[in-house]
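Working notes for the structure below.
The values are calculated or read from the model by the stated rules, or taken from the named source; none is laboratory data. In this text, all values refer to a predicted model and were calculated from it rather than measured experimentally. Backbone-built Cβ (ideal geometry, glycine too); neighbour counts: all protein chains shown.
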Amino acid sequence: MTYLYDQFGEVLSMINLDPDVLAASRDRLRLARESAELHPEGRKSFSSGSIQTHTHIQPHANAVSDGDGGIILDRVKHPSLGPDGDGETPQEITDALVSFVGPEIRKVHPNARVYKSKRGLKIHFGSPVNDTDVTVDLIVALERRSARGLWIPNLKTDEWEPSDPIGHADLLNAAPDALRRMRRKVIRLVKAWNAQATTPGFSSHNLSVWGYEFVADGTGLVKNVHSVLSQAAQRIADGEPTADPQGVSPDINPLVSDEVAERRLRIAAQKLQAAIDAPDDVDGVQQVLEHLFPKTIEQAAESFAAAPHARTFTTAQLGLAGPSQRIPSTRSWKQR
């Protein structure tokens, strides 16, 4: 195994979610779901997102960790709600859930506060775990009468929109074992890359869909990461949409302009290709890592430098595999 591939394995270790944070995310999501199910109009709840698909990361310090899920309303008690009813908007029922869930959560977390977000409830528990703000996003949802997926709110426009968060999680969890494990690793790495930017260019859902589409069985980790970056860049350059693989939601768009999104992906792919072409060039590989994961690498360096009696640090001391050498000061990274 070459130096480059060793390093990517170590970066995966660096972005692991703190075990206490992961446990808290799961516990708090379970509490939020159980609390929402107690509401008279709450029929059943579900888990979704990165915790459900095992693509959760903590790419650098102060990153927020959240659990994602939703509460499906009892349509019998709300026949007027949504496009399949009389078009009743989601504001009133969401307000009712905020008022109901808050006191239930505070029975366990006295400082918790529940707010409305774009898709439903945002729960802050008022008790960080190892300096990480562990929150929960709980979607308010209605089952669609004659189509796949759910109606979920857009509280900014006061409308219902089609989505399938349960189906999306099922897609990523249903692949053959080897492909599923590879997809998870690749998605975690591209999410970590995206999170380095001051303004991330892509949603986690967008990156997960690209991972679902572009990761190939029988191809190694680094080449699969490169494939996601390069194929996504080419798709945007060609003006082609990224469709919802479940065929429920509208096309998925970057969070920045197509021009900026394509440039970020293309430059990252070019940098990584240079490392693939010279996988045992220690200096070259290190420069690529600094470009792709600057905050992650810098945090590892700072953690070691802060240790008692530390004078210098090396790749081996930071947990990076391969020949030991001194890491140069991490360059400030400016998003292009």
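Numerical summary
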{"item": "Wholly enclosed helices (runs of 4 or more DSSP H) of the stretch 218-314 bearing at least 1 residues among the β-branched types (Val, Ile, Thr), modelled with pLDDT of 95 or more and under 20 Å from Asn194 (Cα atoms)", "result": "221-237, 258-277, 282-292"}
{"item": "Residue list for the stretch 82-113, restricted to those being of a type in the set (A, V, I, L, M) and more than 28 Å from the chain's Cα centre (by Cα)", "result": "Ala96"}
{"item": "Check on Arg235, touching a residue at least 60 places away in the same chain (Cβ under 8 Å), over 21 Å from Gly9 (Cβ atoms) and not hydrophobic (A, V, I, L, M, F, W, C)", "result": "no"}
{"item": "Identity of the residue in the stretch 1-40, touching a helix residue (DSSP H, G or I) at 6+ places or on another chain (Cβ under 8 Å) and of a type in the set (Gly, Ala, Ser), that ends up surrounded by the fewest Cβ atoms within 10 Å (Cβ to Cβ)", "result": "Gly9"}
{"item": "Residue check, Leu17 touching a His at 6+ places or on another chain (Cβ under 7 Å) and farther than 23 Å from Tyr115 by Cβ", "result": "yes"}
{"item": "Residues satisfying the stated conditions in the stretch 120-143, i.e. over 24 Å from Asp158 (Cβ atoms) and either among the β-branched types (Val, Ile, Thr) or outside any loop (DSSP other than H, G, I, E, B) (or both)", "result": "Val129, Thr132, Val134"}
{"item": "Of residues in the stretch 57-88 being among the charged types (D, E, K, R) and surrounded by fewer than 13 Cβ atoms within 10 Å (Cβ to Cβ), the one modelled with the highest pLDDT", "result": "Asp86"}
{"item": "Residue in the stretch 171-188 that is in contact (Cβ under 8 Å) with a residue 40 or more places away in the chain, assigned to a loop (DSSP other than H, G, I, E, B), out of contact with any Leu (no Cβ under 6 Å at 6 or more places or on another chain) and of a type in the set (A, V, I, L, M) present", "result": "no"}
